[in-house]
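These notes concern the structure reproduced below.
The values are calculated or read from the model by the stated rules, or taken from the named source; none is laboratory data. As the structure is a prediction and not an experimental result, all values here were calculated from the model. A quick note on method: Cβ atoms are made from the backbone with ideal geometry, for glycine too, and the neighbour counts reach across all protein chains shown. When the accessible area is computed, the model is the full protein with side chains, heavy atoms only, and any ligands, DNA or RNA have been set aside. Shrake-Rupley method; radii C 1.70, N 1.55, O 1.52, S 1.80 Å.
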Amino acid sequence: MGLNLGCGEGLRPMGSDHWFEPIADHLGTAYLRYSFTKGTLNECDHLEQVLALEPGAVILDVGCGPGRHAHELARRGYTVHGIDISTRFIELAERDAPEGATFERMDARELAATARLQNRFDAVICLCQGAFGLMTAADGGVDDEGRPVDANTTVFAGMAGALRCGGRLALSAFSSHFVVQAIALGDYAAEFDVANGVTHERTEIRSPTGEVDEVDLWTACYTPRELRLLAALHRLTVESISGVDPGDYTDANPGVDHPEFLLVARRM
Ligand SMILES: C[S@@+](CC[C@H](N)C(=O)[O-])C[C@H]1O[C@@H](n2cnc3c(N)ncnc32)[C@H](O)[C@@H]1O
């Protein structure tokens, strides 16, 4: 049976908190076949360096998916807690989890309100649109006065608050500059909502047994300046913003050919 993901702005499939959950249910282990998931070792090498991780550091992985970074970092001796909104991905992450890696299903929009996860991590990572980025203009709800709330900003606030003083955040964000260029060149079949900075694409996904489904995907995009402003808003000191490709994390200056920016910022 095919998935019905007719979840335009503001509409969600029945029984889920987020439009990505049925996508994760369909993908299951096939998520790890995507090329962008293949660079975990390079990404963890780079994270150890930019986060200046000390032996025994305690790390929160936000939007951890099936746990590829959490598993690798736990294997390197760190204590890692992964949160994700997808029950399916949390089940996969818990399967064969190495010692030191724990997981729970949680909506990252609730992080700031979850006292036990605030003010305690040496590092917070949020990679490949893990929660931050997989949000549309409709995913934040409204505040007490009926004004729309930006869901990504809510997630950012929760991640900043999860750090202990001196702890560091590493956050990758999809690049607005890259997206606009790739669409103009015909390399990326997506629409870009300029007012909200969100791309929308229809794409095919495959289950582990090869069953195909066509789904909607939305991704919020950022510029380095917006990331700097977000960090300042949440009292984080920016240490670096580099231009990265999944699986090729380096200290390169941000350029329009980099699909993502990697923000590293410190709670003072
Ligand atoms: C593209 S995957 C990235 C997973 C992982 N970080 C990686 O690099 O492979 C995005 C993840 O974010 C999760 N996610 C999206 N919105 C979320 C939210 N509000 N709270 C928690 N997790 C969320 C999805 O379920 C999915 O596992």
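Inside region 81-114, residues that are more than 9 Å from the ligand (Cβ to nearest atom), within 18 Å of Leu163 (Cβ to Cβ) and open to solvent by 40 Å² or more (accessible area, probe 1.4 Å) make up a count of 2. Just wondering, is there one or more residues in region 235-244 that are part of a loop (DSSP other than H, G, I, E, B), surrounded by fewer than 14 Cβ atoms within 10 Å (Cβ to Cβ) and modelled with pLDDT of 95 or more? Yes, the conditions are met somewhere in region 235-244. Based on this model, can you work out whether Ile125 counts as open to solvent by less than 70 Å² (accessible area, probe 1.4 Å), in a helix (DSSP H, G or I) and either among the acidic types (Asp, Glu) or within 10 Å of the ligand (Cβ to nearest atom) (or both)? No, not satisfied. Taking Ala189, is it of a type outside the set (D, E, K, R), open to solvent by less than 80 Å² (accessible area, probe 1.4 Å) and over 16 Å from the mean Cα position of the chain (by Cα)? Criteria not met by Ala189.
Evaluating Tyr188 against the criteria (1) touching a Lys or Arg at 6+ places or on another chain (Cβ under 8 Å); (2) outside any strand (DSSP E or B); (3) not β-branched (Val, Ile, Thr) leaves one unmet condition, (1). Against the conditions (1) among the acidic types (Asp, Glu); (2) within 16 Å of the ligand (Cβ to nearest atom); (3) surrounded by fewer than 19 Cβ atoms within 10 Å (Cβ to Cβ); (4) within 20 Å of Glu43 (Cα to Cα), Glu260 satisfies every one except (3).
For region 114-121, the count of residues that are free of Cβ contacts under 8 Å to residues at least 40 places away in the same chain and within 16 Å of Ile83 (Cα to Cα) is at least one. What number of residues within region 112-129 satisfy the criterion of being β-branched (Val, Ile, Thr) and under 17 Å from the mean Cα position of the chain (by Cα)? Of the residues in that region, 2 qualify.
Pairing each residue of region 132-155 that is in contact (Cβ under 8 Å) with a residue 24 or more places away in the chain and open to solvent by 10 Å² or more (accessible area, probe 1.4 Å) with any residue that is in a helix (DSSP H, G or I) and among the charged types (D, E, K, R), provided the two are 6+ apart or on different chains, yields C-beta distances under 6 Å for Thr154/Arg109.
Being open to solvent by less than 10 Å² (accessible area, probe 1.4 Å) and either of a type in the set (Lys, Arg) or farther than 30 Å from His81 by Cβ (or both) is the requirement here; does Val194 meet it? So Val194 fails the test. Counting the residues of region 128-167 that are part of a strand (DSSP E or B) and more than 13 Å from His234 (Cβ to Cβ) gives 5.
On the stretch given as region 48-80, residues that are more than 7 Å from the ligand (Cβ to nearest atom), on the phi > 0 side of the Ramachandran plot and open to solvent by less than 10 Å² (accessible area, probe 1.4 Å) total 1.
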